[in-house]
Every structure is written in C-alpha cells, then in structure tokens.
Amino acid sequence: MNIGFIGLGIMGRPMAGHLMAGGHSLHILSSSAAAPDMAKAGAVLCESGAALAQASDVVITMVPDTPEVEGVILGDGGVAEGLCAGKLVIDMSSISPIATKRFAERVRALGAGYVDAPVSGGEVGAKAASLTIMVGGDDADFARVALNIAAVGEAMLFAKAAGADPAKVRQALLGGFASSRVLEVHGERMIARTFNPGFRINLHHKDLSLAIDGGNALGMALPQTAFCQQLMNSMRAAGQGDLDHSGLVLALERLSGTALDS
C-alpha cells in the first residue's frame, strides 16, 4: 500500500519506519528534517502535502497539536488538495475532538475517509511498535487500515525522605498490584535522572488542557486532571517544558524539599 506520513518527530519517525518494515511504500515531505535518512531507507520524497496525498492511498498525520493538523490537511498546498474518493486520512495526533469532527467533515466532503487514531505510549511505545491506539471513525474505513494501525501500535519521594533506596522501592512495587507501565518506564527515568523527551511536558500539558476544556463543555469536574496541569504549569514556568513528562518528579521534589538523587 502507498502510505503518506507527515510528522517524523520523536514518535512519528519510528512509527513510519515500522510501516516501511511492513513492506509498504512510504511517501514523506521533502521538508522534513528526517527526509534524507528516510529517503536512503527507501521513502519517496514529496514537495507538498497535496503531492503526498496524490501519491498515497492512505495519509497519516502525527503532529504536535490542532493548528498543525489543520495546516497540513487544510492549509495551502495541504493534503486536502490531493484527496479524492477512495483515499483515507488517519490523524494519530492528540488534538481537540471538536476540531477533529470539523476536519473529518471537510475531508469526507471531498469523497475521502477520515479516521481519528490518537496514540499513547510515548517514544518507547513508538520504537517498540507497542503503542495503544484509540480509533474513532467509520467501520469500513477502520477495516481498510486495521493492519497498518497494528504495525505501529499495540510514591518514591516519600520513600527517599524516609531513608529508603528509591530504586529498591520501585523494584518492590513492580512485583505487586502497584505495578504499572508508568512505574516501570518513568520510574526508572526518575531514578536515573534521564529526562530526554520521549513525550514533552509541553505536549502533555496541551493534552490536559484539551481534557479540561472537554470537562468544562460537559459540566464535569476533573480535579486530578487540573492538579496535574498545574504541576506541569510549574515545570513550564521553570523553563522545563521540553523535558520528558517523567521530569514532573522535579516539580514534586521542589514542593517536598526532597530529591531522589540526594
């Protein structure tokens, strides 16, 4: 299948690589920083979103936020200009659900299909092809691309203050009901102090804002979501918004006066 992929960032690049490894012909934008390396691996370079859509059966977008999705799909020279009946757009970005409905209506008016498929799992999940993918769209559209989607997816500070070794506490928790993917991956990053971005705090903050806006629209209280957003606000105010979201422990350290590495 000819697949166009826009958004070759921390997560998008390995996702696109899995599609190529699955035997698909990959079309990417020549303006992408990853274009030279991807072209050497066999990707086809396109000069615009319109040209990419014309050459592709399916177009996947994986970009940071709602304005970027709107720009690459509906902007000048964008994907919409190259769509026609039989083509399909899959947006795997985390964006406003209200905007998603609007984008879907515009794409479907051109005779093409639209699937909303945001992902969870960060850089680790993208590289391992183990992302959790939440799909919304027509059953027929989903059936067309189910195999392609499958190709890219699928309290230590207290202990430290009490004199315990955070690494040993984490290991003990992993052996019981407190075990989780977050504790496994992010707990290790917190202890090792490796906050290179797999998923930036700035982007996570954006996602929480979308959730809070949705709660407001429905008249729902989301107190824990709001609390987490405020912690991320403090990280951004400290100039740490580009750290991985596991770096949120730094905000908790400032509040508690205890550091895991002290």
(message) Show me the helices (runs of 4 or more DSSP H) found entirely inside the range 107-195 where at least 3 residues are more than 23 Å from residue 80 (Cβ to Cβ) and at pLDDT below 85.
(response) 139-152, 156-161, 166-174, 181-192
(request) Kindly indicate whether residue 198 is small (Gly, Ala, Ser), under 23 Å from the mean Cα position of the chain (by Cα) and crowded, with 17+ Cβ neighbours inside 10 Å. (result) yes
(request) Just give me the residues in the range 206-225 being among the small types (Gly, Ala, Ser) and either within 18 Å of residue 94 (Cβ to Cβ) or touching a strand residue (DSSP E or B) at 6+ places or on another chain (Cβ under 9 Å) (or both), in sequence order. (result) 209, 211, 214, 215, 217
(request) Within the range 1-15, identify whether any single residue is crowded, with 18+ Cβ neighbours inside 10 Å and farther than 19 Å from residue 117 by Cα, and answer yes or no. (result) no
(request) Determine whether the range 24-37 contains at least one residue that is in a loop (DSSP other than H, G, I, E, B), of a type in the set (Gly, Ala, Ser) and in contact with an Asp or Glu (Cβ under 7 Å, 6 or more places away or on another chain). (result) yes
(request) Filter the range 19-74 down to the residues that are of a type in the set (S, T, N, Q) and surrounded by fewer than 17 Cβ atoms within 10 Å (Cβ to Cβ), then identify the one that is nearest to residue 242 (Cα to Cα). (result) 31
(request) Out of 142, 103, report the one residue that is assigned by the TED database to the domain that holds residue 244, surrounded by 15 or more Cβ atoms within 10 Å (Cβ to Cβ) and over 14 Å from residue 8 (Cα atoms). (result) 142
(message) Take the conditions buried (at least 19 other Cβ atoms within 10 Å of the Cβ) and at pLDDT 95 or above and apply them to residue 78. Does it pass?
(response) yes
(request) Could you check, for the range 236-246, whether at least one of its residues is of a type outside the set (Phe, Trp, Tyr), surrounded by 18 or more Cβ atoms within 10 Å (Cβ to Cβ) and assigned to a helix (DSSP H, G or I)? (result) yes
(request) Determine if the range 7-15 includes at least one residue that is touching an Asp or Glu at 6+ places or on another chain (Cβ under 7 Å) and not assigned by the TED database to the domain that holds residue 213. (result) yes
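The values are calculated or read from the model by the stated rules, or taken from the named source; none is laboratory data. Treat the numbers as computed from the prediction; the structure is a model and nothing was measured. Cβ sites come from the backbone with ideal geometry, for glycine too, and all protein chains shown count toward neighbours.
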